[in-house]
Each structure stands twice: as C-alpha cells, then as structure tokens.
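Everything on this sheet refers to the single structure shown next.
The values are calculated or read from the model by the stated rules, or taken from the named source; none is laboratory data. Keep in mind the model is a prediction, meaning the values are calculated, not measured. Positions of Cβ are backbone-derived with ideal geometry, glycine not excepted, and every protein chain shown enters the neighbour counts. Accessible surface is based on the protein model in full, side chains and every heavy atom, while ligands, DNA and RNA are left aside. Shrake-Rupley method; radii C 1.70, N 1.55, O 1.52, S 1.80 Å.
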Amino acid sequence: MRVIVAGAGMVGLSCAWFLQEAGVDVVVLDRTGVAAGASWGNAGWLSPALTVPLPEPAVLRYGLKAMADHRSPLYVPARVDPRLWRFLLEFSRHCTPRRWRSGMAAYRSLNEQALAAFDQLEAGGVRARSQPASIFAAFARDREAEGLLDELRLVAGTGQQIEIELLTGNQARERQPLLSDAVTLAVDVRSQRFINPGAYVAALADSVRARGGQIREGVTVHALRDAKPGVLVETDGAAPLHGEAAVIATGSWMPQLAAPHGVRTLVQAGRGYSFSVETDPPAEGPLYFPGARVACTPVDGRMRIAGMMEFRRADDPLDARRIGVIEAATRPLLQGVDWSSRRDEWVGPRPVTPDGLPLIGATSTKGIFVAGGHGMWGITLGPLTGRLLAHQITTGRTPVEIVPFNPLR
C-alpha cells in the first residue's frame, strides 16, 4: 500500500510515521520544507491539561474588547474580508458553555493518550526526546487566576486527571527564578512536557526517511482526485503521483485541497509569533502568563517567548508590531532577561476551526483523508492524530476517539 501525505509538519509526518508502522510505503510532499509552517517556532508545549476548545464565553467577551486595542494579544485587521468575518461569526456562535463542554468531552480521550503517542515515537527510533515538566502559570493579581482555575476544574469535571498546586509569588520564584516580583500567584500545572518543536519535527522526518519513506520538499500540491482505484495527487511541474490513499495535512492551507472533497468547515489562520532571548539564570521549564496570552519555553539554551492570535492571511509577512506587543506584555513579569539579545523572530499560521475541534478522518472521496485544524494543539495532538488516522486508513475502521472530529460534520 502506498499513501501520499501533503504536509511535512508535526501532523503530516506523524501520519507518515504511523502508516509506516503498519507497513505502508509513504511519500510526503511539502511546498516549502520540513517544519516550515506552524511546527517550527511555537512554544513546543505538550500540555494535555491545557488542551481545550478555543471557543468559550470568556474568549468571546475578551475578544470583543480586545479587537479595539492594538496592544491586545488578539489582533483582527480592520479590512473587508467576508471569509474572515464569516469565520468570526461562526466562532462566536460556538462560544457557549454547552458547546464548550461538548467539545471538551471529545478532547478528553485525545488528551489522555497524547503523551503515550510521543513515547511510541521515541521508542520507535525518533532521535529526539520530550522533556517532563510542570507548566507555571503566573499572575500579577491573584484574582486573574480565577479564569484558569475555573477552566481546569471544568476539564477535571470531564474525568480527565489534572494535578495542580497553588503557589505564592515567593514560592513560585524559588522554583522559577526568572519570575519577577510583580508575580503574586502561580499555578503549577504538573505532569506536562515540552520539546524543541523544530528539532523534534526534523528528527521525526529523519526517522521517516530512515524507514524508507520519501520526503519531497519544494513540491506544491494543487489537487487530489479519485483515480478508481486509488487517488491521484497533482503537483507543480511533475507527473501526478498515484497511491491507494492520500492525506491532506497542510495546516492553514487545507481548505484549498479539502473543499472539493466535501470538507466545508472553515479553517482560519490564527497566526502566532515568537522570538528568543538570553536569560540569567538559564530558563529551566515552561512559563505561562495567561493574562498576556504568552508562553515561554527553554530552547537551545535560550528562552523562546511566544504569543498572539492574529487572524490574518497565512502567507502575510511578519508584523514587527506584534513582536513588540508580546515583549511589552512580558517584560514586567520576568527578570534576568537580556531583551537586547532578541532574535529568531518568527510567525506561523495555526489552523483554527470555528468550533475549536480538529478535522481528522475520511472525506467524501474514497481514499482521501484530512488531518488538521488543531489550532494551538497541533504539537500536543499531532502524533496521536497520526496514529489514529493511520489505523483508519489501513483497516477501514474509524477509531471511536476521532468520531467527533469528522471532517464532514
């Protein structure tokens, strides 16, 4: 059996790797290269405790106020874009407690298995390692923690195991010396992990190649068609590729390829930004500032600072103003940071759906599948998505875990 995968990020390469586990020959195509999209510069958290549907009542209230503030972590450009405004309208309709609880119930089964999928990759030859860690959520005012604590209680209410500890500012600084005196309260979210996402995805690609898979970079997929039998994948400047099946895992660019195959759910680029700085002492683990919507992670001896949810076109250039917003929001909460050492400025498009749920499974065209729309959770859920979708492709049976994420919903 031969399967062609469009997209060489965490999700697409995980699909390829787990298909190989089932004895499938894989060819991975990417218009730019391995980890070239949202898989490179994100915070690299593997955080099942925090993996929840993005649409919720608090986000709607916050978003309506934030859209009028250019310093906000949420940015929506003031332009005529019917598709974007249609997405935002649908997103707002899902910001209800009932729909959030329904989405969280669907996420629970994924969250409970997500870290085990990384263990399987690492035991199977991927030469990168996820690092166990707590995620410290820090607040400048005690009352600001109420939103996160309420959310964690709701997650625990689904039956998902959550382990947290409340710390005073001084207790938090003893464990995380980079926190400034402005921090008065922290929530230690335990039993999570983190990775260097770019390096991890590159190691995953190396493992796919070592097991006989092909990864062709600089190849743009234009269309996928039913070949009866199998599928044809049309690319630029080359003859179509034939396989028994194909997977569309192109992130924010998924709609162009998936729409002809019955996938009508909107996928909007919710772009995230990051940069890195030197710190003294060195960063030891993830820090989270929910009020600023900023995540910090040790990467290659520096600290990566990531944030923003910018609803713009996926291919728009980096906007330096957004980097400035992240830095301004984070400066008061950190100490020991050399802000003049800032480098590695990056923007990447996270694929967001209106209901906050990914698209995983078969399309209306036999042999064509999709895997994407994970929003901020593509790193955490990418390997498990690959494992579950590989099972569906090779057996014809849909795992119960991905039934709520039907791409044709």
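Filtering the range 256-269 down to residues that are closer than 16 Å to G361 by Cβ and not in a loop (DSSP other than H, G, I, E, B), which residue is most open to solvent (accessible area, probe 1.4 Å)?
For the range 256-269, the residue satisfying everything is A259.
Looking for something part of a helix (DSSP H, G or I) and of a type in the set (A, V, I, L, M, F, W, C) - is there at least one such residue anywhere in the range 65-84?
yes
Considering the range 290-303 alone, what residues qualify as being under 18 Å from R71 (Cβ atoms), open to solvent by 20 Å² or more (accessible area, probe 1.4 Å) and either touching a Pro at 6+ places or on another chain (Cβ under 8 Å) or part of a strand (DSSP E or B) (or both)?
R293, the sole residue that qualifies.
What are the residues in the range 10-36 that are assigned to a loop (DSSP other than H, G, I, E, B) and open to solvent by less than 20 Å² (accessible area, probe 1.4 Å), if any?
Within the range 10-36, V24, G33, A35 qualify.
Inspect the range 87-104 for any residue being under 28 Å from Q256 (Cα atoms), open to solvent by less than 50 Å² (accessible area, probe 1.4 Å) and of a type in the set (D, E) and give the result as yes or no.
Looking for residues that are under 28 Å from Q256 (Cα atoms), open to solvent by less than 50 Å² (accessible area, probe 1.4 Å) and of a type in the set (D, E), one finds none in the range 87-104, hence no.
Test each condition in (1) buried (at least 22 other Cβ atoms within 10 Å of the Cβ); (2) under 30 Å from N406 (Cβ atoms) for V325 and report the one that comes out false.
Among (1) buried (at least 22 other Cβ atoms within 10 Å of the Cβ); (2) under 30 Å from N406 (Cβ atoms), the lone unmet condition for V325 is (2).
Sort out which residues of the range 349-380 are touching a Leu at 6+ places or on another chain (Cβ under 8 Å), part of a strand (DSSP E or B) and open to solvent by less than 10 Å² (accessible area, probe 1.4 Å), and write them in order of number.
Scanning the range 349-380 gives V352, I360, G361, I368, V370, A371, G372.
Just to check your reading of the model, which residue among A314, A306 is touching a helix residue (DSSP H, G or I) at 6+ places or on another chain (Cβ under 9 Å), open to solvent by 20 Å² or more (accessible area, probe 1.4 Å) and not in a helix (DSSP H, G or I)?
Exactly one residue qualifies, and that residue is A314.
Kindly evaluate P53 against the criterion of being within 30 Å of Q176 (Cβ to Cβ) and assigned to a loop (DSSP other than H, G, I, E, B).
So P53 passes the test.
Can you tell me which of R216, R141 is open to solvent by 70 Å² or more (accessible area, probe 1.4 Å) and closer than 30 Å to A22 by Cβ?
Working: R141 fails: closer than 30 Å to A22 by Cβ.
Testing whether each residue is open to solvent by 70 Å² or more (accessible area, probe 1.4 Å) and closer than 30 Å to A22 by Cβ leaves just R216.
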